[in-house]
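A.B. asks: Mind having a look at this structure? Questions to follow.
Since every read-out is calculated from the coordinates, none of them should be taken as a lab result. Remember, predicted model here, so these are calculated numbers, not experimental data. Here the Cβ is made from the backbone with ideal geometry for all residues, glycine too, and neighbour counts use every protein chain on show.
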């Protein structure tokens, strides 16, 4: 979920990309949300890469994680210093191969990267929504993505792929719109948050709401709750790494000093890293969006929403094939949670591949270079393409 | 470290206890701290129970965890609703048996439960120290406890026992004052914080320091940083439990409602629990103390302080026997950290018993009723007593 991990992007880039927007729900009551409330108009920021084939059968939707955006790969300009968040994965000859497939990635609603969210203008007041924005669900995000897919004239997605909260959207797609998805690739994810995962999100939310500048969400003129948001991000960051990866990366090494300071400056590199991540995040993200997106993740509960408490019943709605991947050191969404979903899928006779990848890097492993992950994605998509008789872009 | 866990205290109580104070370092420069700074006068709040035998050889020092206090067991008054934090363990016929031993427990310096800390009056300004209080170490805490033991006329402690940050003090005692300790019982602890443990503490500190009311530690007249401290406590609480224990205790059960609220109230019991714990903590604890005590825990590094980077060298100073105990679900100080210390002790030919206790309750397991833990403590202390020819109180 820390989509902006520093790593060297490898392989060929897709080059320049453009952010588009698509607006819907402009007339009448707007779209109906899972809460019963309505929202409209809704704008989605999205990007695409690769070429859609003539029968529009090679489209793959990429779902971003908690604080990500539509910028999955490539650069916005010649002097853009940083490519999209999954540039190592999406490009010519890469596991998500733009020579073969057409990729779509949109910013989720509730977000702050171009799609409608709490920072957007509330048409009823002509001011930012703030906490007047309705609480949205993973299902609402996916409903909006479906509007986009309709708009692009795509009847059936070849695949939906994403990690973490993106993986929740993948699972939601497969159950909410089974007729629209051939294959689903949920990575490092869960069908419902554990109490511990909710707890971490709640602490992060409390950190934001404890900041007096949060001002009940009404801070767009008075100044943003930067301190609270930075602390919230720091909490998250610990859960994206692992005990082992933090030991490798930082251990107890000191930051810019040879002895302990005996004050409250950042003595240790890990402290300095967290402060840096917190402060950097504040520049690019909206505190209210963070509240809404973590709440959506906490609310996600596939078995309750679609199976009346039974995950097997929920997956009885699905018809796609699945590639489920977990990572050994992911303690935010541990492997046992992936195994639970795989079992429920299999009980429905669904075609499921599952792999737990050995990786020390914690939850963030799905964003890092990993040959095993690359091979699994490539092989799975090749098989789906072959079995379905899908033609490539050329 | 959440010393105030709700549980039924079992067995006979020691009854009423009194909090005492002992002041030292009044003359000259005060005591010398590990930072090189000095501190004085130093007051320690302490309590005792059981009866010291004639040759003062049956004294056991109990070291409290991060935010604990000297009130290990018993009640302050007839209508006191709550006993001390380790009442299940300390009392007549209990594993820490007041019929046999004399127990001492003092509040650590840097704390806020009666011992000198940032809330105490700075003799140079006649105002509370705030962040003018020197950063103290586990070693400094133990040095002060040694002054208390001297004051009580005890030449050699039969044992030092404590869990978590209390366990760090136990380890420090055994290496700093080897001639003063016959047996050491470090429970659920570590010889140094991992990067992850430092990270959690740093987030907690940042939550406090991000609260504008913290005011660089100068808030005793202007009003306390309650919001920041509550968030800090919430972070800690997650690390004291485990994924499994949180699932057992809360799972995804809703709080006082049958459906999701679709707002930012506490939907889930785990959210409500954390908010409650955070708010309750604010009533009894000082935010600056929290900064100092977490820093002391982060600084603790037995191998660097006493072994020039070698834990084996550090324990070469020790001469006591050890009972080291870890808990399977403790992910704050996982068993591998206890195994590391046991290995280093054994390389020095020390008499070490080690047990990893199967318990789902996370780090807090050492504070909860556990027959296995009880049996190990009782048996170990019986053996030490017999081997050393120690007479009981009677």
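A.B. asks: Give the shape of region A:222-377 as rounded, prolate or oblate, defined through the alpha-carbon gyration tensor: a ≥ b ≥ c are the square roots of its eigenvalues, a/c under 1.5 means rounded, and otherwise the shape is prolate if a/b is larger than b/c and oblate if not. Write down the numbers at each step before the final one.
C.D. replies: On the way: a/c = 3.11, a/b = 1.71, b/c = 1.82.
Oblate.
A.B. asks: Something else now. Please find, in a Gaussian network model of chain A (springs between Cα atoms separated by less than 10 Å), the residue of A:211, A:99, A:80 whose mean-square fluctuation is greatest.
C.D. replies: A:80
A.B. asks: Give the peptides B:60-73, A:220-233 in descending order of average Cβ contacts within 10 Å, highest first. Write down the numbers at each step before the final one.
C.D. replies: Numbers: B:60-73: 27.4, A:220-233: 21.6.
Going from most to least packed, we get B:60-73, A:220-233.
A.B. asks: Continuing with the same structure: Along Cα→Cβ at 7 Å, what distances in nm separate the residue B:223 label point from those on the other copies, shortest first?
C.D. replies: Result for residue B:223, in nm, nearest copy first: 1.6.
A.B. asks: Quick one: Cα centre-to-centre distance for region B:351-394 and region A:151-179, in angstrom?
C.D. replies: 55
A.B. asks: Could you give P(r) for region B:315-394, binned at 10 Å from zero, as whole percent values over all Cα-Cα pairs?
C.D. replies: 17, 41, 33, 9, 0
A.B. asks: Cα centroids of region A:62-98 and region B:305-333: how far apart, whole angstrom?
C.D. replies: Spelled out, the Cα-based centre of one part sits 47 Å from the other.
A.B. asks: Do the sum for chain A: with -39,500 (n - 2.57) for every DSSP H run of n ≥ 4, divided by all residues, what is the mean residue ellipticity at 222 nm, to the nearest 500 deg cm²/dmol?
C.D. replies: -10500 deg cm²/dmol
A.B. asks: If you don't mind, another one. Please compute the alpha carbon radius of gyration of region A:276-316, then divide it by the globular-protein estimate 2.2 N^0.38 Å. Two decimals is fine. Write out the running numbers ahead of the final one.
C.D. replies: Details: Rg = 16.1 Å, N = 41, 2.2 N^0.38 = 9.0 Å.
In units of the 2.2 N^0.38 Å rule of thumb, it is 1.78.
A.B. asks: Can you work out the FRET efficiency for the pair residue B:152 and residue B:257, with r the C-beta to C-beta distance and R0 = 45 Å, to the nearest 0.05? Let's see the in-between values first.
C.D. replies: Numbers: r = 54 Å, r/R0 = 1.20.
Computed FRET efficiency for residue B:152 and residue B:257 comes out at 0.25.
A.B. asks: Which distances, in nm and shortest first, link the residue A:15 label point to the same label point in every other copy, taking 7 Å along Cα→Cβ?
C.D. replies: With the label placed 7 Å along Cα→Cβ, residue A:15 yields 9.0 nm.
A.B. asks: For chain B, set up a GNM with springs between Cα atoms under 10 Å and report which of B:239, B:335, B:125 has the largest fluctuation.
C.D. replies: It is B:125.
A.B. asks: Based on alpha-carbon atoms only, what is the radius of gyration of the protein assembly as shown relative to the globular estimate 2.2 N^0.38 Å? Provide the component values of the computation, followed by the final result.
C.D. replies: On the way: Rg = 28.7 Å, N = 788, 2.2 N^0.38 = 27.7 Å.
Normalised Cα radius of gyration, the protein assembly as shown: 1.03.
A.B. asks: Which residue, A:198, A:109, A:138, has the most motion in a Gaussian network model of chain A that connects Cα atoms within less than 10 Å?
C.D. replies: A:198
A.B. asks: Among rounded, prolate and oblate, which fits region A:300-343 when a ≥ b ≥ c are the square roots of the eigenvalues of its C-alpha gyration tensor, a/c under 1.5 means rounded, and a/b larger than b/c means prolate? Let's see the in-between values first.
C.D. replies: Numbers: a/c = 2.83, a/b = 1.60, b/c = 1.78.
It comes out oblate by the Cα gyration axes.
A.B. asks: Next question. So what are region B:104-252's ellipsoid semi-axes, whole angstrom, largest first, if each one is the square root of 5 times an eigenvalue of the alpha-carbon gyration tensor? Kindly include the intermediate steps, with their values, before the conclusion.
C.D. replies: Numbers: eigenvalues 169, 126, 29 Å².
In descending order, the three semi-axes are 29, 25, 12 Å.
A.B. asks: For region B:24-79, max minus min Cα coordinate along each principal axis, in Å, sorted largest first?
C.D. replies: The principal-axis extents, from largest down, are 41, 33, 20 Å.
A.B. asks: To the nearest 0.05, how large is the calculated FRET efficiency for residue A:18 and residue A:371 if R₀ is 25 Å and r is the Cβ-Cβ distance?
C.D. replies: Values: r = 31 Å, r/R0 = 1.25.
Between residue A:18 and residue A:371 the formula returns 0.20.
A.B. asks: Note the direction-averaged projected area, equal to a quarter of the hull surface, for the Cα convex hull of region A:159-216, in nm².
C.D. replies: Values: hull surface 20.9 nm².
For region A:159-216, the mean projected area of the Cα convex hull comes to 5.2 nm².
A.B. asks: Can you work out the FRET efficiency for the pair residue B:54 and residue B:336, with r the C-beta to C-beta distance and R0 = 41 Å, to the nearest 0.05?
C.D. replies: E between residue B:54 and residue B:336, to the nearest 0.05, is 0.40.
A.B. asks: Normalise the Cα radius of gyration of region B:51-139 by 2.2 N^0.38 Å (N = residues in it) and let me know the number.
C.D. replies: On the way: Rg = 16.1 Å, N = 89, 2.2 N^0.38 = 12.1 Å.
Expressed relative to 2.2 N^0.38 Å, the Cα Rg reads 1.33.
A.B. asks: In addition: State whether chain A is rounded, prolate or oblate according to the following rule on the C-alpha gyration tensor (a ≥ b ≥ c being the square roots of its eigenvalues): a/c under 1.5 gives rounded; otherwise a/b larger than b/c gives prolate, and the remaining case gives oblate.
C.D. replies: Numbers: a/c = 1.44, a/b = 1.20, b/c = 1.21.
Since a/c stays below 1.5, the shape of chain A is classed as rounded.
A.B. asks: In Å and whole numbers, how far do the C-alpha atoms of region A:226-301 stretch along each principal axis, longest first?
C.D. replies: Ordered largest first, region A:226-301 gives principal extents of 46, 27, 18 Å.
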